[in-house]
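Asks: Pasting in a structure now, in C-alpha cells, and then I'll have a few things to ask.
Just so it is clear, none of the values below were taken in a lab; they were calculated from the coordinates. What you are looking at is a predicted structure, and each value in this text was computed from that prediction instead of being measured. Positions of Cβ are backbone-derived with ideal geometry, glycine not excepted, and every protein chain shown enters the neighbour counts.
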Amino acid sequence: EKTPLAGLQGLDPRVGRIAPGACNEKHRHAHESLFVVLQGEAKIFIDNTTHAVQKGEIACVPRWAIHQTCNPSPLQPLVLLAITDFGLTSAVLGDYDSHTRLKIQGRDSL
C-alpha cells in the first residue's frame with residue numbers, strides 16, 4: 001500500500017504485508033530499496049545471501065539484486081516499510097518495472 005506523503009518525487013514509501021508462512025515473488029529491479037521491519041520478522045534473500053531481519057531492523061537491497069522477502073512465522077503477519085527510489089529511477093528509465101517482474105513474465109526478470 002502506497003504511503004501518501006506530499007511532496008515526494010524520488011522516494012516511494014510503501015507498507016507491505018506478508019501473511020504467515022508466505023513470501024513475495026523473487027524479483028529484481030533498477031531501484032534501490034530499504035526495508036524496515038515494523039512487525040514480525042523477515043527472511044530476506046538478496047542474491048545468494050539470507051538475512052534474518054527482526055522488528056526495528058533494516059535491510060538494504062541494491063539495484064538489480066535478485067531478492068525475495070519471506071515471513072517465517074506460522075502465526076504472525078509480517079509488516080514492512082519499504083522505501084525505494086522508484087520515482088527517481090522510473091523518471092530516468094521509464095516503465096522499466098513492467099519488464100523486470102516475474103509475476104508478469106517480464107523479459108528482463110532474471
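Asks: Can you list the residues, at least 5 places off or on another chain, whose amide H is less than 5 Å from the amide H of Ala30, using H built in the peptide plane?
Replies: Sorted by chain and number, the residues that satisfy this are Trp64.
Asks: Suppose each label sits 7 Å from its Cα in the direction of the beta carbon; what would the Glu25-Trp64 distance come out to in nanometres?
Replies: 2.1
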